[in-house]
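The values are calculated or read from the model by the stated rules, or taken from the named source; none is laboratory data. Just so it is clear, the model here is predicted, and its values are computed rather than measured. Heads up, the Cβs are rebuilt from the backbone with ideal geometry, glycines too, and the neighbour counts pull from every protein chain shown.
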Amino acid sequence: MRKLEKGPAPEVLRTNEATWTQAYVAAPKEERRKCEKWRHSAIKDALHEETDFKCAYCEAKIIDVSFPHVEHILPKATFPHLAHSWSNLTTACGVCNNGKGDYYEENAPILNPYTDELPTFIQHRGPFVDWTAGNVRAEISVRTLDLNRPPLLMSRTERINNVRELYDKWHGSIEPLRSILAAAIRIDALKGEFQQTVITYLRDRNFSNLIINQNRHRSPRKSGRTTLASKACPTTVDRESAKGCP
Ligand SMILES: [Zn+2]
């Protein structure tokens with residue numbers, strides 16, 4: 001699970017949220033399905049850009065294995081008035097979406113990738129996602145979402161192996177290849193699957209100072225926010241690897 005940042009709400013939601021919410025809440029439960037306006041393509045597009053087509057919980061690139069679900073962070077069954085609230089919407093894969101279902105406990109809700117300080121809850125150890133010892137809420141989240149299911153462990157292991165190969169090449173290289181490889185590692189870590197798994201691997205090898213503002217990373221598409229190119233040349237990179245930055 002990685003930290004996510006909310007982008008601007010799509011205009012169609014800003015315009016219609018109140019009306020859609022009113023209709024959804026007022027509808028009998030068996031007829032609410034007719035009022036599910038969060039499936040609007042503009043909303044899906046905005047969520048996909050925000051999450052880069054990766055599941056908000058397991059970080060898998062959804063488009064490779066499934067189709068993305070519009071996920072209600074607080075379940076719509078318990079919080080129908082938040083069913084069309086932009087801050088309550090994200091993208092999830094089908095497995096995490098089904099695993100979470102309508103789970104909600106006031107004292108132990110599933111971790112929110114947008115608002116919770118994830119490093120205090122979640123630890124990444126090799127291909128595993130672990131909870132901070134004694135943190136019941138984090139343990140419930142990992143278990144409910146089944147974040148260590150075998151396909152994820154296999155994918156994370158494969159990811160680590162690929163990063164290791166690139167890292168070893170960087171470690172044994174000299175300039176100018178060294179700077180080029182450093183940039184490639186940085187972009188791969190920010191754009192690829194299982195970001196926190198990769199970043200933890202690199203941080204354990206003292207590569208972390210190449211990856212700053214990781215939580216603020218946004219897709220360069222449409223948003224006009226800081227792009228990967230500018231992320232690739234942070235102000236606090238180690239001197240040797242920063243030689244390739246203009
Ligand atoms: Zn998932």
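Taken together, the residues in segment 197-208 that are surrounded by 17 or more Cβ atoms within 10 Å (Cβ to Cβ) and modelled with pLDDT under 90 amount to 1.
Checked against the criterion of being of a type outside the set (Phe, Trp, Tyr) and under 25 Å from Leu153 (Cα atoms), segment 24-38 contains not a single residue that satisfies it. Among all residues of segment 64-79, there is at least one that is at pLDDT below 95, of a type in the set (Val, Ile, Thr) and part of a helix (DSSP H, G or I).
Yes/no per residue for (1) in contact with a Lys or Arg (Cβ under 6 Å, 6 or more places away or on another chain); (2) under 23 Å from Ala27 (Cβ atoms); (3) within 14 Å of the ligand (Cβ to nearest atom); (4) not hydroxyl-bearing (Ser, Thr, Tyr):
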{"position": "Ile62", "(1), (2), (3), (4)": "no, no, yes, yes"}
{"position": "Phe67", "(1), (2), (3), (4)": "no, no, yes, yes"}
{"position": "Leu118", "(1), (2), (3), (4)": "yes, no, no, yes"}
{"position": "Arg125", "(1), (2), (3), (4)": "no, no, no, yes"}
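Condition check ((1) among the β-branched types (Val, Ile, Thr); (2) not assigned by TED's automatic domain parsing to the domain that holds Val25) across all residues:
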position	(1), (2)
His84	no, no
Val95	yes, no
Asn98	no, no
Arg125	no, yes
Trp131	no, yes
Asp168	no, yes
His171	no, yes
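Among the residues of segment 145-165, those identified as crowded, with 17+ Cβ neighbours inside 10 Å and assigned to a helix (DSSP H, G or I) are Leu145, Leu152, Ser155, Arg156, Arg159, Ile160, Val163.
Residue under question is His48, and the condition is that it be within 16 Å of the ligand (Cβ to nearest atom) and surrounded by fewer than 21 Cβ atoms within 10 Å (Cβ to Cβ); does it hold? Yes; evaluated as a whole, the condition is true for this residue.
I'd like the full set of residues that are in a loop (DSSP other than H, G, I, E, B), within 15 Å of the ligand (Cβ to nearest atom) and under 15 Å from the mean Cα position of the chain (by Cα), limited to segment 84-116.
First, the residues of segment 84-116 that are in a loop (DSSP other than H, G, I, E, B): 84-85, 93, 101-116.
If we keep only those that are within 15 Å of the ligand (Cβ to nearest atom) too, we end up with 93, 101, 103, 110-113.
Across segment 84-116, the qualifying residues are Cys93, Ile110, Leu111, Asn112, Pro113.
Do we have any residue at all in segment 148-161 that's of a type in the set (Val, Ile, Thr), away from the ligand (no atom under 16 Å from the Cβ) and within 27 Å of Phe67 (Cβ to Cβ)? The answer is yes, given that some residue of segment 148-161 is of a type in the set (Val, Ile, Thr), away from the ligand (no atom under 16 Å from the Cβ) and within 27 Å of Phe67 (Cβ to Cβ). Sub-7 Å Cβ pairs linking a first residue in segment 142-159 that is in contact (Cβ under 8 Å) with a residue 12 or more places away in the chain and over 19 Å from Gly99 (Cα atoms) to a second residue that is of a type in the set (A, V, I, L, M, F, W, C) and away from the ligand (no atom under 12 Å from the Cβ), at least 6 apart or interchain, are Arg159/Val198, ordered by first then second residue.
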